Amino acid sequence: MPFNLPRVTKGLLIANIVCFCLQLALGEQRYAFLELWPYVAGSDMQWFRPWQLVTYAFLHDPTNFAHIAFNMLALFMFGAPLEYTWGEKRFFNYYMVCVVGAGICQLLLTSWMAANTGGIGATMGASGGVFGLLLAYGMLFPNQRVMLLIPPIPMKARTLVIVYGAIELLMGFTGLQPGVAHFAHLGGMLFGWLMIRYWRGQPPFGRRGPPRPRIVR
């Protein structure tokens, strides 16, 4: 239940909702410096600032309530069981790595696009961190059944991760759904996967197989 949520998950939910309310009250010009802008050297457009790799994940499109609603629902569904499993510190570190990793991927893409085509706006939303949570849930609880909202189809968590990953990859490369940061979503999943493998001591961070026995002559 919402009132029994672990502290970090609850804190992230509250922070996102408070920031969304402030966005509605202040107007975009007041918080534009917190959005994730592309970096184009020598341009007169809004420049990237390092703190935006974190702050963008606490902002959502104030004209699209579904944007924050779906992100917060996913944070509620997947964040709590992961925090109960990992503990507060590890869960928070994981979420922030996914947020920053997603931001880095999106920054590289939008900066390249802005330098070559122009007209690239800012990025906002917690989706990069949320997709990282989705990946972790699928890795830790692969056989747990989850229910999609649209369409309402039950499936294993592992299958859900694969399906969403494939959709994001398809949408990102084909451009069928413009205005959505598909590569930020994939970046959150990539950095989450790397973080889990780092904790487990798996390649590319750990050994590539069991240690060889020593031969004593």
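Annotation note: of Glu35, Glu28, the sole residue that is of a type in the set (D, E, K, R) and touching a strand residue (DSSP E or B) at 6+ places or on another chain (Cβ under 8 Å) is Glu35.
Suppose we filter Ala74, Ala32, Ala57, Ala115 for residues that are touching a residue at least 60 places away in the same chain (Cβ under 8 Å) and buried (at least 20 other Cβ atoms within 10 Å of the Cβ); which single one remains?
Working: Ala74 fails: buried (at least 20 other Cβ atoms within 10 Å of the Cβ); Ala32 fails: buried (at least 20 other Cβ atoms within 10 Å of the Cβ); Ala115 fails: buried (at least 20 other Cβ atoms within 10 Å of the Cβ).
Result: Ala57 is the single residue among Ala74, Ala32, Ala57, Ala115 that is touching a residue at least 60 places away in the same chain (Cβ under 8 Å) and buried (at least 20 other Cβ atoms within 10 Å of the Cβ).
Going through (1) under 21 Å from Phe183 (Cβ atoms); (2) touching a helix residue (DSSP H, G or I) at 6+ places or on another chain (Cβ under 9 Å) one by one, Cys19 falls short only on (1). All conditions but one from (1) over 15 Å from Gln106 (Cβ atoms); (2) crowded, with 19+ Cβ neighbours inside 10 Å apply to Phe65; the one that does not is (2).
The sole residue among Val163, Val130 that is touching a helix residue (DSSP H, G or I) at 6+ places or on another chain (Cβ under 6 Å) and modelled with pLDDT of 80 or more is Val130. Screening Pro142 with (1) touching a residue at least 12 places away in the same chain (Cβ under 8 Å); (2) assigned to a helix (DSSP H, G or I); (3) closer than 22 Å to Arg197 by Cβ gives one miss only, at (2).
The values are calculated or read from the model by the stated rules, or taken from the named source; none is laboratory data. Just so it is clear, the model here is predicted, and its values are computed rather than measured. Glycine gets a Cβ as well: all are built from the backbone with ideal geometry, and neighbour counts include every protein chain shown.
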